[in-house]
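The values are calculated or read from the model by the stated rules, or taken from the named source; none is laboratory data. If you're wondering where the values come from, they're calculated on a predicted model, not measured in any experiment. Using ideal geometry, Cβ is built from the backbone for each residue, glycine included, and neighbour counts are taken over all protein chains shown. Side chains included, ligands, DNA and RNA excluded: accessible areas come from the protein's heavy atoms. Shrake-Rupley method; radii C 1.70, N 1.55, O 1.52, S 1.80 Å.
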Amino acid sequence: MTSASRYLSEHIDLPADRVYEFAADPANLPQWASGLATTVTREGDRWLIGDDGAELIFTPRNDHGVLDHWVRPPGADEVYAPMRVIPAGKDSSEIMFTLLRLPGTTDEEFDRDAGLVQADLSRLKEVVERAA
């Protein structure tokens, strides 16, 4: 069995505050986080993702680059996803995601999940750099 967590990151050639503003808006998720959500719907103060109506809860906006979020699938345990964007020089940043291994996850499933998250981080880099 591999470790209980995996740290994934992507260097982005934009200041951290610009990356944060884009990534902190759940409405932008379908543009870059297809591993999490291909659709996002806002219902009052709630964000629902996907066809099954899983709820997405983001940490409140902050000045520290914290993008932690929780996914509450209907009838399943809540999943915590720690995520940060930090400055990496004046005009660049790092987006970092900690993939926590869920109980019962096989090595193959964990590797697959890590690949999906890394692909999402790479897509985020492409989207925000292209928009700049």
Report ³J(HN,Hα) in whole Hz for each residue of region 13-30, in order, from the Karplus equation J = 6.51 cos²θ - 1.76 cosθ + 1.60 where θ = phi - 60°; Gly and Pro get x. 7, 8, x, 4, 5, 6, 5, 4, 4, 6, 6, 7, 9, x, 4, 7, 3, x
So how do Thr59, Thr106 rank on accessible area, 1.4 Å probe, biggest first, that is with the largest at the start? Thr106, Thr59
Surface per residue (accessible, 1.4 Å probe) for the chain, Å²: 56
In whole Hz and in residue order, list the ³J(HN,Hα) couplings for region 50-55 that follow from phi through the Karplus curve 6.51 cos²θ - 1.76 cosθ + 1.60, θ = phi - 60°; x for Gly and Pro. x, 7, 8, x, 4, 8
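Over region 1-55, what percent of the accessible surface lies on carbon and sulfur atoms, probe 1.4 Å? Intermediate results must be reported in sequence, preceding the final value.
Numbers: 1430 of 3060 Å².
Taking all protein chains in place, region 1-55 shows 47 percent carbon and sulfur surface.
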Length-normalised contact order for region 42-132 - Cα pairs under 8 Å, 6+ apart - percent: 14
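What Kirkwood Rh does region 6-74 have if only Cα atoms enter the pairwise 1/r average? Answer in Å. Walk me through the numbers on the way to the answer.
Working: mean 1/r = 0.0768 Å⁻¹.
Every distinct Cα pair counted, the radius reaches 13.0 Å.
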Under 5 Å from the placed amide H of Leu67, counting only residues 5+ away or on other chains, we find Met83, Arg84, Val85
About the Cα centre of the chain, how large is the charge dipole given +1 on each Lys and Arg Cβ and -1 on each Asp and Glu Cβ? Please answer in debye to the nearest 20. 220
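Per DSSP H run of at least 4 residues, take -39500 (n - 2.57); add these up for the chain, divide by its residues and hand me the 222 nm value, nearest 500 deg cm²/dmol.
Counting only the DSSP helices, I get -9000 deg cm²/dmol.
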GNM flexibility winner over the chain from Pro60, Pro15, Pro26 (Cα, springs under 10 Å): Pro60
Applying the Karplus parametrisation 6.51 cos²θ - 1.76 cosθ + 1.60 with θ = phi - 60° to the phi angles of region 34-49, what ³J(HN,Hα) value in whole Hz is obtained for each residue in order, glycine and proline being reported as x? 5, x, 9, 8, 9, 9, 9, 10, 9, 10, x, 9, 10, 10, 10, 10
What GluC sites (Glu not before Pro) in region 49-132 are in a loop by DSSP, with at most 11 other Cβ atoms within 10 Å of the Cβ? Glu78
Counting only residues 5 or more places away or on other chains, whose amide H sits under 5 Å from the amide H of Thr105 once H atoms are built in the peptide plane? none
Over all distinct Cα pairs, what is the inverse of the mean 1/r for the chain, reported as the Kirkwood hydrodynamic radius in Å? 15.3
